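Notes to accompany the following structure.
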Amino acid sequence: MNKRRRIYEGKAKILYEGPEPGTLIQHFKDDATAFNAEKHALIDGKGVLNNRISEHIFTKLEDIGVPTHFIKRLNMREQLIHEVEIIPLEVVVRNVAAGSLSKRLGLEEGTALPRSIIEFYYKNDELGDPMVTEEHITDFSWSTPQEIDEAMALALRINDFLTGLFLGVGIKLVDFKVEFGRHWDGDAMRVILADEISPDCCRLWDIDSGDKMDKDRFRRDMGGLIEAYQEVARRLGVLNETRPPPGAGPVLVSSKS
Ligand code: UDP
């Protein structure tokens, strides 16, 4: 029986107490949510794929010197991570107009941006994660100017690296969201990459066909989400062992939209 202490349960992941102080176990669920959880479904095998894809990406980022919370993968759905204090911001990097940016500014989806853009959203479900500026962030003490500088520098390095990684396997990285945390090593604190990087939080388009290979397939009721995530995993070379058990397909849990 599972007696581990549950520290936190989010929409797509659960955090359990880890085996040693300062560690946690991050468990990837099959739940898919969109529109601030108004739409919710279970998609067989999504958690397994995201665990493997995120492991692959975080390991590669560590290799190029980006500090992350990832320690090691434990099993099909779980990884051991360093405990951090999450900075309550969603840091979005965009290379191509899509999603909320296209809607907000009337830009056609697919329009290349003159340079990569970073946006901040305040992590608050009740408020629907509103977009905020650096002045809101520092005035309300969600983070400091130094942390913001570190997070922005890391986000741009991650963007450069991932753009190349995906381009190499025929995928365009349109945009993505990352989260950072404060990690203490004795008295020294540094900002490190936390959470996950998977097709749940990136927009990934096939270079040749333009097909969406990310969570927009769920948001926009396009179907074929698990096949798309499998294809991302396959191209990244991480599909071994990740084949999800055969299932009945997505089960719609609720949809108010
Ligand atoms: N994103 C995310 N979680 C969120 C909001 C956005 O992972 O709560 C990701 C999303 O998958 C996309 C990028 O951040 O890759 C930009 O999303 P956008 O602002 O366009 O919002 P959306 O239209 O997806 O709600």
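Here, each number is a calculation from the coordinates, and none is a lab measurement. None of these values were measured; they are calculated from a predicted model. Note that we place each Cβ from the backbone using ideal geometry, even for glycine, and neighbour counts take in every protein chain shown.
Taking all Cα pairs closer than 8 Å and separated by 6 or more residues, the relative contact order of segment 102-148 comes to 20 percent.
Over every pair of different alpha-carbon atoms in segment 1-139, take the mean of 1/r and invert it; report that Kirkwood radius in Å.
Values: mean 1/r = 0.0575 Å⁻¹.
The answer is 17.4 Å.
Of the residues Phe140, Met152, Val232, the one whose Cα sits farthest toward the positive end of the charge dipole of segment 126-257, with +1 on the Cβ of Lys and Arg and -1 on the Cβ of Asp and Glu, is Val232. Helices meeting the span-like rule in the chain (full DSSP H runs, Cα extent of at least 30 Å along the helix axis, mean Kyte-Doolittle score of 0.5 or higher): 145-167. Rounded to the nearest 20 debye, the dipole magnitude of segment 2-65 is 200 debye, with +1 charges on Lys and Arg beta carbons, -1 on Asp and Glu beta carbons, and the Cα centre as origin.
What pairs in Lys13/Lys46; Lys39/Lys103; Lys3/Lys46; Lys3/Lys123; Lys46/Lys212 have C-alpha atoms more than 22 Å from each other?
Values: Lys13/Lys46 11 Å; Lys39/Lys103 19 Å; Lys3/Lys46 24 Å; Lys3/Lys123 30 Å; Lys46/Lys212 16 Å.
Violating the 22 Å limit, Cα to Cα: Lys3/Lys46; Lys3/Lys123.
For the chain, what proportion of DSSP beta bridges, expressed in % and rounded to the nearest 5, is antiparallel? The partial results should precede the final answer.
On the way: 52 of 53 bridges.
Within the chain, antiparallel bridges account for around 100 percent of the total.
Write out the chymotrypsin sites (Phe, Trp or Tyr not before Pro) in segment 18-81 meeting two conditions: DSSP loop, and at most 13 other Cβ atoms within 10 Å of their Cβ.
Numbers: sites: Phe28, Phe35, Phe58, Phe70; in loops: Phe35.
Listed in order of number, the matching sites are Phe35.
So, with +1 on the Cβ of K and R and -1 on the Cβ of D and E, and no other charges, what is the size of the charge dipole of segment 33-77 about its Cα centre, to the nearest 20 debye? Present the calculation step by step, with values, prior to reporting the outcome.
Working: 7 positive and 5 negative charges, 26 e Å.
Here the size comes out at about 120 debye.
Counting only Cβ charges, +1 for Lys and Arg and -1 for Asp and Glu, the dipole size of the chain around its Cα centre is about 820 debye. Estimated at 0.36 nm per residue, the fully extended path between Asp63 and Ala112 surpasses their Cα-Cα distance by 14.7 nm. Put +1 on the Cβ of every Lys and Arg and -1 on every Asp and Glu Cβ in the chain; which of Ala98, Val191, Gly223 then has its Cα farthest towards the positive end of the dipole? Of the listed residues, the answer is Gly223.
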